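Asker: Quick one: structure below, then a few questions.
The values are calculated or read from the model by the stated rules, or taken from the named source; none is laboratory data. Given the structure is predicted, the values throughout are model-derived calculations rather than measurements. Methodologically, a virtual Cβ is constructed for each residue, glycine included, from the backbone with ideal geometry; neighbour enumeration extends over all protein chains shown. Areas reflect the complete protein model, heavy atoms only, side chains present, ligands, DNA and RNA absent. Shrake-Rupley method; radii C 1.70, N 1.55, O 1.52, S 1.80 Å.
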Number of protein chains: 2
Amino acid sequence: MDTRTPYVPEPAIRRLPWYLACVQQLKCQGVEHVSSTAISKQLNVDASQIAKDLSYLNIKGKTRIGYEVAELEKGLNDFLGFHLSHKAVMMGVGSLGRALVTDSGLSRYGLNIVAGFDVSPRMIGTSIAGVPVYDISELSWRREELGAEIAVIAVPVESAAKVTEMCIDAGIKALWNFTPFHIKSRPGIIIENTSIYAHLAVMYNRMGNQEK
Amino acid sequence: MDTRTPYVPEPAIRRLPWYLACVQQLKCQGVEHVSSTAISKQLNVDASQIAKDLSYLNIKGKTRIGYEVAELEKGLNDFLGFHLSHKAVMMGVGSLGRALVTDSGLSRYGLNIVAGFDVSPRMIGTSIAGVPVYDISELSWRREELGAEIAVIAVPVESAAKVTEMCIDAGIKALWNFTPFHIKSRPGIIIENTSIYAHLAVMYNRMGNQEK
């Protein structure tokens, strides 16, 4: 059994980066031990929830002492895979795609964008922050050569369905979708829909309701 | 009563941009009417769920004819507020902040970034895609003068807590947080946490589990 990736419910996984950020801050401040209660106060998550989430990773605190900060950081980092290099291709290097390629935060969190693909003759053959941009028709053999298994989808919404099929045909295993197009789930393919614009919709709506 | 912003549950709001993207595509293709079943097939969302979500917006289809595409697009656009201009400030113009300022997608979805704020003397006084960057110490009076009510938080995680307090003290009403720091909810302030890196964590984990 591979213990590197135990099954953890998605809501718990989403909270783990908060704990990591919190623990990294504590480490910078020279703190050596931390209780779930102390993390709880900082993040506004129930202490019992934190303890439960961390127990999935086999990280357990000690009575009265709490968690060892260095160990907790390592455990979270190992589990989250942020220290590994996951090769990815960027589908579409328009405004958002280009922005994501230039965001060094992604590589800090383990996403290694090795190539961009586009249809625009103006973009093909150029490079963005050192990442080469290829013709989308070359996706299949380029992907295999590069060994990338993740595709970030940042094409215009009307091309999203077609580009998704192209990626899957080319052997992509995980799709990180930034378009408002909802990609249907299918066996063997991981899909993460991150429609940042949907968050805007929620925010506007809540602001409108509050103004009443 | 202001009927512009009826209360709609958050999961429903998050699905509305999918419907809008789908409907815009149909409109481009010259389609005039669409049933919830047809939208359902394209998005893999239950037809009954779609009908329910749209009923919150007082949009109702007709038996055998379905929804009128133009009306549906207008209803979704009006509700989502993507056609309005919501003034916002960008807190932190490092890698991600700069990327978000240059993403024209945000303005297409109604977010009008009118200023950036940073602590770096190298950045202060410059402008990014026409957006001026000011010293973060000027936030309070600049915000008031600009009339911005939204702050996008893209500072390093260790500064997120402090910058959040500065924004709220300066009169910001809604925080769109891109850092892995979890901002506590508080009365009167809208908080949208969009930790894109948390999505990476989920994706890596699911990929690891599948390789077993």
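Asker: In the list A:Ile168, A:Ile153, A:Ile136, which residue meets the criterion of being open to solvent by 10 Å² or more (accessible area, probe 1.4 Å), in contact (Cβ under 8 Å) with a residue 40 or more places away in the chain and aliphatic (A, V, I, L, M)?
Answerer: A:Ile136
Asker: Please go through segment B:26-48 and pick out each residue that is open to solvent by 50 Å² or more (accessible area, probe 1.4 Å) and assigned to a strand (DSSP E or B).
Answerer: Correct list: B:His33 only.
Asker: With (1) more than 20 Å from B:Phe178 (Cα to Cα); (2) hydrophobic (A, V, I, L, M, F, W, C); (3) in contact (Cβ under 8 Å) with a residue 60 or more places away in the chain as the list, and A:Leu100 as the residue in question, which single condition is left unmet?
Answerer: If we test A:Leu100 against (1) more than 20 Å from B:Phe178 (Cα to Cα); (2) hydrophobic (A, V, I, L, M, F, W, C); (3) in contact (Cβ under 8 Å) with a residue 60 or more places away in the chain, just (1) comes out false.
Asker: Something else about it: Taking B:Ala174 as the residue in question, decide whether it is surrounded by 17 or more Cβ atoms within 10 Å (Cβ to Cβ) and either more than 8 Å from every other protein chain (Cβ to nearest Cβ) or within 20 Å of the chain's Cα centre (by Cα) (or both).
Answerer: yes
Asker: I want to confirm something. Restricting to segment B:78-102 and keeping residues that are modelled with pLDDT under 90 and more than 9 Å from every other protein chain (Cβ to nearest Cβ), which single residue is surrounded by the fewest Cβ atoms within 10 Å (Cβ to Cβ)?
Answerer: This residue is B:His83.
Asker: Then there's this: Can you pull out the residues in segment A:132-166 that are of a type outside the set (Ser, Thr, Tyr), out of contact with any Phe, Trp or Tyr (no Cβ under 6 Å at 6 or more places or on another chain) and away from chain B (no Cβ under 14 Å)?
Answerer: A:Pro132, A:Val133, A:Asp135, A:Glu138, A:Trp141, A:Arg143, A:Glu144, A:Glu145, A:Leu146, A:Met166 - these are the residues of segment A:132-166 that are of a type outside the set (Ser, Thr, Tyr), out of contact with any Phe, Trp or Tyr (no Cβ under 6 Å at 6 or more places or on another chain) and away from chain B (no Cβ under 14 Å).
Asker: How many of the residues making up segment A:2-14 are at pLDDT below 90 and either closer than 14 Å to B:Ala198 by Cβ or more than 8 Å from chain B (Cβ to nearest Cβ) (or both)?
Answerer: 7
Asker: Being in a helix (DSSP H, G or I), surrounded by fewer than 21 Cβ atoms within 10 Å (Cβ to Cβ) and within 14 Å of chain B (Cβ to nearest Cβ) is the filter here, so list the residues in segment A:49-74 that pass it.
Answerer: A:Gln49, A:Tyr56, A:Glu73
Asker: Tally time: how many residues in segment A:103-113 are at the interface with chain B (Cβ under 7 Å from one of its Cβ atoms) and either touching a Cys at 6+ places or on another chain (Cβ under 9 Å) or part of a helix (DSSP H, G or I) (or both)?
Answerer: Qualifying residue count, segment A:103-113: 2.
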